[in-house]
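One structure is given below, encoded as structure tokens.
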Amino acid sequence: MSKPVYWHLPGFCVFRNLNNIIIDLLKEFPGCFHDGYRVGSVYGTFPSAIWNGGRTTLGFTSKNDIERIVKGYNDKGVPVRYTWTNPLIEEKHLSDTLCNLIMRISDNGMNQVLVNTPVLENYLRENYPNFKFISSTTKRITDPEKLMDELGKDYFMVVLDYDMNHNEDVLKSLEPMAERVEILVDEICFPNCPKRLEHYRDEAVKQLDFEIAKPFPCPNRQATKSFEDCMKRPAFISDEEIGSYIERGFENFKLVGRGLPQSLVIDSYIYYLVKFDKQEFIRNQINKRLADIAAKQQAARRR
């Protein structure tokens, strides 16, 4: 049996139908997917949780829906991973009702959190020690020595900055601890972006202020994005290259998708997870099941 390879999927809330379909298809049609591939986690946030970072997410989810969504993934053996990476969190934000409710509902020893700032990380470790803690790529650690320091800390995993994806010296140094390194394989942002940290802070302000009307003035901003855009970036790791990373001991790979079109996410899932000759079949399965869900939801609204 092949050694398990874990894929961490985006948008556990906004893409919950798609993600649940992929999890089910992996179990129903294992021969259509690459050997040993598993869903390692689904990451993201519930709408309007102020601890969230990276991408602003607004809206409303009831307690019942939070419980149902978390239980739905966990019952399938998949951890939910919260993106608690807002870099502007202060002591005054730690008592937030919604975020603490989410943590209490999910506090079963199975779920995970991505962390960025010490003030929130320390609070979470003290109050919710059953979660697995992961060092986020939003820290923007691009110094190899600082990266090794980060791996020396008590983290379940450390997400590699995408600008290091093809740095041979860094990858070689990581081999002894490769199982604790997660690699973002299809980042759509431009390499060595000088405004990346500024962009994260801008998203953080919007999350805290519940406001997304003003877009960040990114010089590379695009009206629409596609998976083909991801494939053009220097940090992109192709399906053909993944095997060489697995051979070196890396077993955790992350896919982008938060704030991006669902069509892009579907393309990335099919490209990385599905065997080439089975891709049309799986795509048809996804589209059919998404259409069935949409039809049922529409019928329910008519009642």
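The values are calculated or read from the model by the stated rules, or taken from the named source; none is laboratory data. As the structure is a prediction and not an experimental result, all values here were calculated from the model. Note that each Cβ is placed from the backbone with ideal geometry, even for glycine, and that neighbours are counted across all protein chains shown.
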Check: Got at least one residue in region 271-290 being surrounded by 11 or more Cβ atoms within 10 Å (Cβ to Cβ) and part of a loop (DSSP other than H, G, I, E, B)?
Finding: yes
Checklist line | Any hit, region 250-261, residues being outside any loop (DSSP other than H, G, I, E, B), among the charged types (D, E, K, R) and without any contact (Cβ under 8 Å) to a residue 60 or more places away in the chain | finding: no
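Has region 214-221 got any residue that is assigned to a helix (DSSP H, G or I), over 22 Å from Lys3 (Cα atoms) and of a type in the set (Phe, Trp, Tyr)?
No, because not a single residue in region 214-221 is assigned to a helix (DSSP H, G or I), over 22 Å from Lys3 (Cα atoms) and of a type in the set (Phe, Trp, Tyr).
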Check: Hey, any hits in region 226-247 for a residue that's part of a loop (DSSP other than H, G, I, E, B) and under 16 Å from Ile141 (Cα atoms)?
Finding: yes
Margin query: Which condition from (1) on the phi < 0 side of the Ramachandran plot; (2) within 23 Å of the chain's Cα centre (by Cα) is the one that Ala294 breaks?
Written below: (2)
Margin query: Against the conditions (1) at positive phi; (2) in a helix (DSSP H, G or I), where does Gly109 fall short? Just the number, please.
Written below: (2)
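Given the condition within 17 Å of Gly40 (Cα to Cα), surrounded by 12 or more Cβ atoms within 10 Å (Cβ to Cβ) and touching an Asp or Glu at 6+ places or on another chain (Cβ under 6 Å), answer yes or no: does some residue in region 226-241 qualify?
No, that holds for no residue.
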Note to self: Looking at Ile266 and the list (1) more than 21 Å from Arg55 (Cα to Cα); (2) assigned to a helix (DSSP H, G or I), which single condition is not satisfied?
What the structure shows: (1)
Item checked: Considering residues of region 33-70 that are in contact with a strand residue (DSSP E or B) (Cβ under 7 Å, 6 or more places away or on another chain) and not in a strand (DSSP E or B) only, the residue modelled with the lowest pLDDT -> Gly54
Check: What are the residues in region 151-183 that are aliphatic (A, V, I, L, M) and out of contact with any Asp or Glu (no Cβ under 8 Å at 6 or more places or on another chain), if any?
Finding: Leu151, Met164, Val170, Leu171, Leu174, Met177, Val181, Ile183
